[in-house]
1. Taking the residues in segment B:161-190 that are surrounded by 15 or more Cβ atoms within 10 Å (Cβ to Cβ) and basic (Lys, Arg) as candidates, determine which candidate is nearest to residue B:125 (Cα to Cα).
2. Of all residues in segment B:1-52 being in a loop (DSSP other than H, G, I, E, B) and within 10 Å of chain A (Cβ to nearest Cβ), which is modelled with the highest pLDDT?
3. Using the structure shown, decide if residue A:55 is facing chain B (nearest Cβ under 8 Å) and not in a helix (DSSP H, G or I).
4. Does segment B:144-154 contain at least one residue that is open to solvent by 50 Å² or more (accessible area, probe 1.4 Å), touching a residue at least 40 places away in the same chain (Cβ under 8 Å), more than 9 Å from chain A (Cβ to nearest Cβ) and in contact with a helix residue (DSSP H, G or I) (Cβ under 7 Å, 6 or more places away or on another chain)?
5. Does residue B:144 satisfy the criteria of being farther than 26 Å from residue A:37 by Cα and part of a helix (DSSP H, G or I)?
6. When you scan segment B:156-170, do you find a residue that is over 18 Å from the mean Cα position of the chain (by Cα), at the interface with another protein chain (Cβ under 9 Å from one of its Cβ atoms), at pLDDT 90 or above and under 27 Å from residue A:40 (Cα atoms), even just one?
7. Which residue is nearest to residue B:148 (Cα to Cα), if the candidates are limited to segment A:8-25 and must be assigned to a loop (DSSP other than H, G, I, E, B) and among the charged types (D, E, K, R)?
8. I'd like to know if segment B:53-63 contains one or more residues that are over 23 Å from residue B:130 (Cα atoms), in contact with a Pro (Cβ under 9 Å, 6 or more places away or on another chain) and part of a helix (DSSP H, G or I).
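The values are calculated or read from the model by the stated rules, or taken from the named source; none is laboratory data. Bear in mind that the values here come from a model prediction, so they are computed numbers and not experimental data. Note: ideal-geometry Cβ built from the backbone for every residue, glycine included; neighbour counts use all protein chains shown. Calculation scope for accessible area: heavy atoms of the full protein, side chains included, ligands and nucleic acids excluded. Shrake-Rupley method; radii C 1.70, N 1.55, O 1.52, S 1.80 Å.
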Amino acid sequence: MTCEELGELLTNFLEGELNEEQTDLAVAHLATCPRCEAVLSQTQTLIESSRELGRVSLGSDHRSELLASILDARKP
Amino acid sequence: MASMVVDMGASASTSDPRSPGSSKSLAQLVALFNQHVNGVYTVGYRIVWNAADADDITQATFLQALVHMDKLRDPSSERAWLYRIAYREAIAVLRRRRDTPVDPADIPEQQNLVTPETEVVALELAELLGGAIERLPLSLRAAFVLRDVEGLPMADVAFALDIGESAAKMRVHRARAQLREELKEALSDL
């Protein structure tokens, strides 16, 4: 498997959607290619960071105000 | 996987327990709100990048959910269903912005929604990440937010965006590639 081929299959690899043969080829390539290993590592860090830092957690006041506005808006 | 069909027809009468005005519907709405408001707000905010607009999107999403609550057949799909509504509302906001001349002086600064408790390193990455997500083209931004910020399964991302699963996967793939390129240094330091 070439770097370009792995790059194209990276999302499928991370989603666990490669077949057994493709997975073996990808793992073998990653074991010997520092550049592709770095790309995989950066992508995994990106996903983990996005999950952790990307989500907005509204404060209780904000939540209450939003809910109140929704309940008010439904009144005729 | 979100498989329900949402019929956007007229609501039932108020005497009907399924109607938007019934106490049962309101109880369902509050439960839905408490469980999903952060996610719905995040989807809206990360697409339009304005807190006031995100509030409007959130309100509109749950109002529509209340009206069409009886059409939701599969409770396990309610998150994808809500995000689909939120995405459409966000697109409507962006279209109104495009059609309305805006004085640059009126554009608010990007809202910093990181809490005071966030560690310094995480705060810096959060700001870099937020800016990079904002710079993604809309189609990639929405897919990335749904998959990698909200953790929606790829099939549900496709449902929310009303596209095929292959298309959803391609958008996520391209978004990750662009973000990785822009944030290469920051991601390598972690």
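1. Applying the filter and picking the extreme gives B:180.
2. That would be B:21.
3. It is true that residue A:55 is facing chain B (nearest Cβ under 8 Å) and not in a helix (DSSP H, G or I).
4. The answer is no, given that none of the residues of segment B:144-154 is open to solvent by 50 Å² or more (accessible area, probe 1.4 Å), touching a residue at least 40 places away in the same chain (Cβ under 8 Å), more than 9 Å from chain A (Cβ to nearest Cβ) and in contact with a helix residue (DSSP H, G or I) (Cβ under 7 Å, 6 or more places away or on another chain).
5. no
6. The answer is yes; a qualifying residue exists.
7. A:15
8. Yes, the conditions are met somewhere in segment B:53-63.
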